[in-house]
Amino acid sequence: MISLPDFPWDRLTPYKERALAHPDGIVDLSVGTPVDPVPLVAQKALTEAADSPGYPLTYGTPRLREAAAGWLARRHGVRVDAADILPTIGSKELVAWLPTLLGVRPGEHVLFPELAYPTYDVGARLAGATPYATDGLLALGPERVPLVWVNSPSNPTGRVLPAEHLRKVVDWARERGAVVASDECYLELGWEESPVSILHPDVCGGSHEGLLAVHSLSKRSNLAGYRAGFAAGDPALIKRLLEMRKHAGMMMAAPVQAAMAAVLDDDAHADEQRERYARRRAVLRPALEGAGWRVEHSTAGLYLWATDGRGCWDQVEALAGLGILAAPGDFYGVAGAKHVRIAVTATDERINAAVLRLQ
Ligand SMILES: Cc1ncc(COP(=O)(O)O)c(C=O)c1O
């Protein structure tokens, strides 16, 4: 039997009930789920592709793969052949199944950051492998490692790894034949720093060997409900994943492929969404600081990683008393025991309510 961790969000229920009891209602800043409309460009493309009776391609339409490659080149300075793009049903499923799809074996370690999105750990377990949370690769000694995850900008900390740091990870992995999977779902949400892709020539030296960048349209384009993501990178890895995914039926719905191609071609809606998050962040951050929280990292992404020095559950409780729901830092690793993660994914009206309550 595979042992999976308890679903942590259930532990937040009593605090949610407390926050819901606030006379002006809850401000839920716990989950990073988009609240703004799906861009019209996506809705239109989805509707136009609604009559899709046949099976979609696991590999994605050429139009979709061209759009993804075009977006990477235009926005991130990354040159990828459209042949080396693979659509995924959101990025969470790929994060959860990548170790299995790559053939990671029981007893092997899958590495990911000490503070991390919990699905890297789950993915290791689903493959029967051993999850290993570490920020120090050197501690591993000469052991063979099949897969290393990096995540910049980070969930939960909003930390950005500079090109030079990522390059060291790539060099380390290449020396031992490890695959580096880079979860880049917040790549377009840099505030005080500009995040860089693992596939950028400054990081990988122009070769994508052993590298996979994992992207999501959930945050950039408010498509969390559509389930739209893709992987890009090493042609041999993409081919292997494609073969496995074809057999396993892991294919994105055709209307979603059409919507995803349309949003990847369009930057206007993404810039507009970025502005919304920038505004919310600009009022929420000083309000938290004024109320005694210190915000760390958080130079990119959708979260403020904050502490008032107490245990994370005490902070969750204090905020719930104000009708504000935050995520406890220990959901993301023991190193988060004194932090809370506060998402900027609430409407302007709700963010303003939180600001008033923190005053
Ligand atoms: C770091 C990270 N990776 C992956 C995901 C999954 O996103 P999706 O499955 O919506 O593409 C999330 C969602 O919040 C995330 O924070």
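The values are calculated or read from the model by the stated rules, or taken from the named source; none is laboratory data. This structure is a prediction, so every number in the text was calculated from the model and none was measured. Because the Cβ atoms are built from the backbone with ideal geometry, glycine has one as well, and the counts that use them run over all protein chains shown.
Restricting the range 169-190 to residues that are charged (D, E, K, R) and in a loop (DSSP other than H, G, I, E, B), the residue that is nearest to the ligand (Cβ to nearest atom) is E184.
Among the residues of the range 199-256, those that are away from the ligand (no atom under 16 Å from the Cβ) and part of a loop (DSSP other than H, G, I, E, B) comprise L199, H200, G205, G206, S207, H208, E209, G210, D234, G249. Within the range 146-172, the only residue that satisfies the criterion of being more than 20 Å from the chain's Cα centre (by Cα) and either at pLDDT below 95 or among the aromatic types (F, W, Y) (or both) is W172. Inspect all residues belonging to the range 261-269 and state whether any of them is surrounded by fewer than 19 Cβ atoms within 10 Å (Cβ to Cβ), in contact (Cβ under 8 Å) with a residue 12 or more places away in the chain, assigned to a loop (DSSP other than H, G, I, E, B) and in contact with an Asp or Glu (Cβ under 6 Å, 6 or more places away or on another chain). The answer is no; no qualifying residue exists. The set of residues in the range 1-54 being assigned to a helix (DSSP H, G or I) and in contact with a strand residue (DSSP E or B) (Cβ under 9 Å, 6 or more places away or on another chain) consists of P8, W9, R11, L12, Y15, K16, R18, A19, L20. Tally up the residues in the range 58-116 that are among the basic types (K, R) and closer than 26 Å to P146 by Cα, please. Residues meeting the conditions: 3. Of the helices (runs of 4 or more DSSP H) lying entirely inside the range 56-134, the ones with 3 or more residues being within 15 Å of the ligand (Cβ to nearest atom) are found at 92-101, 119-126. Quick one: which of A213, A139, A236 is among the hydrophobic types (A, V, I, L, M, F, W, C) and surrounded by 14 or more Cβ atoms within 10 Å (Cβ to Cβ)? Selected residue: A213, the only one of A213, A139, A236 that is among the hydrophobic types (A, V, I, L, M, F, W, C) and surrounded by 14 or more Cβ atoms within 10 Å (Cβ to Cβ).
Does E193 count as farther than 18 Å from I238 by Cβ, of a type outside the set (S, T, Y), more than 16 Å from the ligand (Cβ to nearest atom) and under 20 Å from the mean Cα position of the chain (by Cα)?
Answer is yes for this residue.
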